């Protein structure tokens with residue numbers, strides 16, 4: 001039957017696999033492991049953004065091992081936010097095509113996640129947070 005599949009997204013794929021998929025059909029989003037500390041897809045995110053393809057990071061807060069860094073904790077304290085709010089705010093600031101699905105189990109946690117949209121990250125803070133991926137200030 002024609003027309004049953006409206007949009008296609010890919011999960012846990014390489015840039016080569018995305019390119020192969022795009023030869024077959026339009027890809028509207030993709031999902032890979034990505035967060036403040038795990039940044040293997042940096043250039044891929046930029047390429048997808050140029051092409052208008054959404055990127056959904058899985059484990060945006062670290063997954064089974066939550067993100068931990070003295071830099072992250074220090075920045076959060078400076079901003080009056082939680083470390084996880086800062087990590088999510090960094091993802092939103094990272095690229096316009098990033099869509100977050102951080103998950104929650106309570107209304108309070110949902111409110112914390114929603115507050116991320118209003119979290120301002122000045123350039124000096126972004127530079128410090130970018131250093132986490134390079135292993136700087138990890139703790």
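Across the stretch 106-135, the qualifying residues are those that are surrounded by 14 or more Cβ atoms within 10 Å (Cβ to Cβ) and not in a helix (DSSP H, G or I), and the one among them that is modelled with the highest pLDDT is 121. If you check 64, 58, which single one turns out to be under 12 Å from the mean Cα position of the chain (by Cα) and over 14 Å from residue 120 (Cα atoms)? Of 64, 58, the one residue that is under 12 Å from the mean Cα position of the chain (by Cα) and over 14 Å from residue 120 (Cα atoms) is 58.
Go through the residues of the stretch 19-29 one by one and say whether even a single one is over 21 Å from residue 121 (Cα atoms) and in contact with a helix residue (DSSP H, G or I) (Cβ under 9 Å, 6 or more places away or on another chain). The answer is yes; a qualifying residue exists.
Based on this model, can you work out whether residue 4 counts as touching a residue at least 24 places away in the same chain (Cβ under 8 Å) and not in a strand (DSSP E or B)? Criteria not met by residue 4.
Once the stretch 10-32 is narrowed to residues that are surrounded by 14 or more Cβ atoms within 10 Å (Cβ to Cβ) and under 16 Å from the mean Cα position of the chain (by Cα), the residue that is farthest from residue 56 (Cα to Cα) is 13. The set of residues in the stretch 83-105 that are more than 16 Å from residue 54 (Cβ to Cβ), part of a loop (DSSP other than H, G, I, E, B) and touching a helix residue (DSSP H, G or I) at 6+ places or on another chain (Cβ under 6 Å) contains only 104.
For the stretch 37-69, the tally of residues that are modelled with pLDDT of 95 or more, in a loop (DSSP other than H, G, I, E, B) and buried (at least 16 other Cβ atoms within 10 Å of the Cβ) stands at 2.
The values are calculated or read from the model by the stated rules, or taken from the named source; none is laboratory data. Note that the structure is predicted; figures quoted are calculated from it, not measured. Note that each Cβ is placed from the backbone with ideal geometry, even for glycine, and that neighbours are counted across all protein chains shown.
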